[in-house]
Amino acid sequence: MAGASGCLTLLAAALLLANAALSGADRPRLLGAPVDVDNADNDEGLQRALQFAMVEYNRASNDMYSSRVVRVISAKRQLVSGIKYMMKVEIARTTCPKPATDLQSCSFHDEPQMAKHTICDFVVYTVPWLNQIKLLESNCE
């Protein structure tokens, strides 16, 4: 019996040591876990997802002017059965009435009573190899 309890103690110590080693910052990420998109402006997939989210946002909005992205606050990508993009962005009202065809050429309103800045959380699911894209969540404050 003493041998069995000694083995269990040794096994427990080994498991604690392994857990401590894996808890460090160098631990590899979990497969399928969301990861930060470091350079949102140069990530082609994220930009397509964001453009789609803005088209859907403008379509659903009752505003007579189109809105576009001012800046990306944060962005994550998650590999699922496709790719899920989770984005927090600041958007603002442009001077272009709806429907605007080229939002990037639309300037933002300068006048305080017309300028409308909003923070939005978008979740876009895309399956690029099937040419599918869907806005899962759109929450703006």
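The values are calculated or read from the model by the stated rules, or taken from the named source; none is laboratory data. Because the structure is predicted, anything quoted here is derived from the model rather than measured. Because the Cβ atoms are built from the backbone with ideal geometry, glycine has one as well, and the counts that use them run over all protein chains shown. Just so you know, the surface numbers come from the protein's heavy atoms only, side chains and all, with ligands and any DNA or RNA stripped out. Shrake-Rupley method; radii C 1.70, N 1.55, O 1.52, S 1.80 Å.
Modelled label positions at residue 138 and residue 62, each set 7 Å beyond Cα in the direction of Cβ, lie 1.5 nm from each other. Paramagnetic label reach from residue 130 (point 7 Å along Cα→Cβ; backbone nitrogen cut-off under 15 Å): within region 77-94, residues 80-84. Sorting 118-124, 77-83, 129-135 by their mean Cβ neighbour count within 10 Å, with the most densely packed peptide first, gives 118-124, 77-83, 129-135. Rolling a 1.4 angstrom probe over the protein heavy atoms with all chains in place gives region 45-141 an accessible area of 59 Å² per residue. Solvent-accessible area of region 52-126 (1.4 angstrom probe, protein heavy atoms only): carbon and sulfur portion equals 53 percent.
On alpha carbon coordinates alone, what is the Rg over Rh value for region 39-114, Rh being the Kirkwood radius? The Rg/Rh ratio comes out at 1.01.
Loop-resident chymotrypsin sites (Phe, Trp or Tyr not before Pro) (DSSP state other than H, G, I, E or B) in region 44-85 with no more than 14 further Cβ atoms inside 10 Å of their Cβ are absent.
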